[in-house]
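The numbers here are math on the coordinates, done by the rules we state, and not lab data. Source: prediction; values computed, not measured. Positions of Cβ are generated from backbone atoms using ideal geometry, with glycine treated the same way; all protein chains shown enter the neighbour counts.
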Amino acid sequence: MFRDFTAFVCLDDKHSIKVGEPGYPLAAVDRGKSVLVAQDTVFVVADHDFAKVKLVPSVTLVCEVPESASESFYRGKVFVSLKDATFQPSSPIRHQTELFHILTQAGKLGLPILCQYSDGGPDHRLTYISTQVSLICMFIMADLDMLVCARTAPQKSFRNHVERVMSIINLSLQAIGVMREKMPPAVEKLAGLGTMKDVKAMADKHPELKQALVASTEKTRAMMNELFQRLSLKGEAVSTIEPATDQEVEEMWELILMVVQTLTKGDPTKVKVQNKKDLMAFMHHCCVSRHYSFSIKKCGDSACTICKKPKLPPEVFNQLKNFPDPVADGTGEHYRPFIEVYGTATSEGYRPSLKDSRAKDHGMPFSPCAENTRGVVACLDCGKPRTIHSQRALTAVQKKDLDSLKEDSMYTCGVCWVPENHPLREICYVSRALSCDRPVEQYYYSTRLKAPAALRAILPLVCWQCGAEETLPIPVEKMQQFQTVHPECQVGFKSLFTCADLSCTMSVKILLCVHTQPYKF
């Protein structure tokens, strides 16, 4: 019914491509991966540890919607945008800005319904306010009647159709080494820096570094774009687009001012957005937010002062309903067909991840504790910091490998974080007994209290239940009155925790928090 009115796109970022320093090219494929070369030929490149610059290909598949849902969606036009990971990072608002240009080139701009599907990475996390605000900007910019965004479940990214395109993209990366050009001597300060964070910090002090660094990879990006353009999907050539400029991103962001005039880029957090009455009114009126989906839909009332009049014919728009949640059938073993739940009121009560399905064992060959905590990594699903452990102290090289791993990889609670063939595979661990519904571990707070002041910068005081950094101040009298006080965020604030046993004499060395249920020793 809606096929002729709908654009369906799948989005994903390919693994970053490490760019070598001048004179030291690096293999475009990941560390440890084999490459295709001519027979009796040695492919010589530098080690990936020397990489300081990275390029990220953002891949978008504009699918040809089939006539039947049983047919394949793996057909359409592929677009690739090659971005500098340091100064052109993938962000929700940048993705939507580039998607607007892609829809224009694909001839899909103007269709009243847009469906987006992604793997739920940090720049596509539908529960983040920043992502939701960016989608609202796209909804306004394209004057859509309905925008539906969905993401795959953790570790199920293969369900995303664009993930199959990555194998085609890999063909253009075989047996090539990439490096940047030498920058002017005045700004060649990059050689002594180690990570992207160091590069950004240096660019804040020397603004000319950003422009010079991006320009130093221009020929590299042009070469790789030419290689991408030689590829095709089912006879349809791959197209490349330029990354969205800072000005274009800013113009897209300013569209949200049509909803709330006082919102700034630093505001998209749950705490700050709650005070934006105009935005909250729009979201309550037009938006439906779920863990794995987010949808925006016009109400259809021509007299409405919040959303515009629909573009769809009235007889078609009246059949357009909100995106439903999965609902279990009578047996509880399967979900009801989509056609049965479409147009009915549903909830997230049957979402599998609401159940605690933790592993019983932490999966480490030693016992985790504060003393063997080496860092933290944030879960992409729940956002909580999870502690990284190793039995022995890390060497300088291993610390660099860990920093690089945290920049490149995506972690979800309960999964094995370190990839196969990685040098830290049998060295660093994150507990396998975790799940997103579990609070922040006690090791995090124990490590924070024992850490020096410099290390506490990467171990901020966070909400025990949700991991938010914006915690309420802890009253001094509460800390004096009770042995344990739990820092909590404003969103989940209910009541300050008090120890159930006031006669308890155990030594409390950590700070915890609880939202709604009392925690007992």
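Length available on full extension from E64 to D4: 0.36 nm per residue minus the Cα-Cα distance, which gives 20.6 nm.
Distance from the C-alpha centroid of the range 322-384 to that of the range 69-127: 25 Å, rounded to the whole angstrom. Computing FRET efficiency as 1/(1 + (r/R0)^6) for A281 and E470, where r is the C-beta to C-beta distance and R0 is 30 Å, gives about 0.85.
With respect to the cross-link table entries K297/K406; K108/K276; K14/K200, which display a Cα-Cα separation exceeding 27 Å? Provide the component values of the computation, followed by the final result.
Details: K297/K406 37 Å; K108/K276 33 Å; K14/K200 22 Å.
Exceeds cut-off: K297/K406; K108/K276.
Using a cut-off of under 19 Å, list every residue of the range 161-186 whose amide N is near the label point 7 Å from the Cα of D408 along the Cα-to-beta-carbon line. So the set is 166-180. Shape class for the range 374-463: oblate, because the ratio a/c of the largest to smallest gyration tensor axis (alpha-carbon atoms, square roots of eigenvalues) is 1.5 or more and b/c is at least a/b.
Here each label is just a point 7 Å from Cα along the line to Cβ, and for A175 and E251 those points are 4.3 nm apart.
Which entries in K52/K400; K52/K156; K18/K83 show an alpha-carbon gap greater than 19 Å?
Values: K52/K400 11 Å; K52/K156 30 Å; K18/K83 12 Å.
Too far apart for the 19 Å limit: K52/K156.
The simple Förster model, with R0 at 56 Å and r as the Cβ-Cβ distance, assigns A186 and F366 a FRET efficiency of 0.70. Modelled spin-label separation between C416 and T331, with each label point placed 7 Å from Cα along the Cα-to-Cβ direction: 3.2 nm. Full extension of the chain between E71 and Q319 yields a length gain of 87.0 nm, computed as 0.36 nm times the residue separation minus the alpha carbon distance. Taking trypsin sites (Lys or Arg not before Pro) across the range 166-259, the ones in a DSSP loop with at most 14 further Cβ atoms lying within 10 angstrom of their Cβ are K182, R230, K234. For the modelled label position 7 Å from the Cα of I339 along Cα-to-Cβ, which residues of the range 58-74 have backbone nitrogen atoms closer than 11 Å? Within reach of a label on I339, which here means backbone N under 11 Å from a point 7 Å along Cα→Cβ, the range 58-74 contributes 69.
Sparsely packed loop sites in the range 288-370 (the GluC sites (Glu not before Pro) outside DSSP H, G, I, E and B with at most 15 other Cβ atoms within 10 Å) comprise E333, E348.
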